[in-house]
Amino acid sequence: MIVVLRLGHRPKRDQRVTTHVALAARALGADEIWVSEQDAKLEQTIRSVVGRFGGSFRIKTGVEWRKAIRSWKGEVVHLTMYGESLSKALPKIKSRKLMVVVGAEKVPREVYELVDWNISIGNQPHSEVAALAIFLDRLKGGKKLERKVKGGRLAIVPNPRGKTVVDSEEGKGRAATRKG
């Protein structure tokens, strides 16, 4: 069980980046994303992606982050450029229940004290989307990128020269392929 906790989401400013954090979390094997600010539009967007492409990824917004971190029954990792290096910290993470905290605006100092691990993905300014993607990919050993996700209407078929999308609702219930 992996939950990503997004802190400091500002709906008018961070809509696109938070959407990308959620998409990276889903694509790379997280089970849920919790966002500290209420955002119905973000919830609708992510639920639409899950409906079209499948899987059981969930989103919850308006989460009280302090309460969420304190009550978590597992390990809590905060991705930051100030923490212990990923290569040194990753082997120490043992829990099957993991909360991964990523910030939007300046992360409150309290977060650094509440979590089990402050892990740096490099020591230079970087995107929280990139940090989350690198962390989850390393955590999962690169195995989530090639997995088949069940339950979606759309499936992307790898294609070296174009786009191949299989839509199970086209052609009266049988799979149809669109190339573009």
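Structure summary
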quantity	calculated
SER168-HIS126 pseudo-label distance in nm [points 7 Å out on the Cα-to-Cβ vector]	3.6
Full-extension gain in nm, SER71 to GLN44, via 0.36 nm per residue minus C-alpha separation	7.1 nm
Exposure proxy ranking, count of Cβ atoms within 10 Å, fewest first, for ILE59, ILE156, ILE134	ILE156, ILE134, ILE59
3J(HN,Hα) from dihedral phi, the stretch 70-77, Karplus parametrisation 6.51/-1.76/1.60, rounded to Hz, x for glycine, proline	5, 8, 5, 9, x, 8, 10, 10
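Every read-out reported here was derived from the displayed coordinates using simple, explicitly stated rules and does not represent laboratory data. What you see is a predicted model; the values in this text were computed from it and never measured. Neighbour counts run over all protein chains shown; Cβ positions are idealised from the backbone, glycine included.
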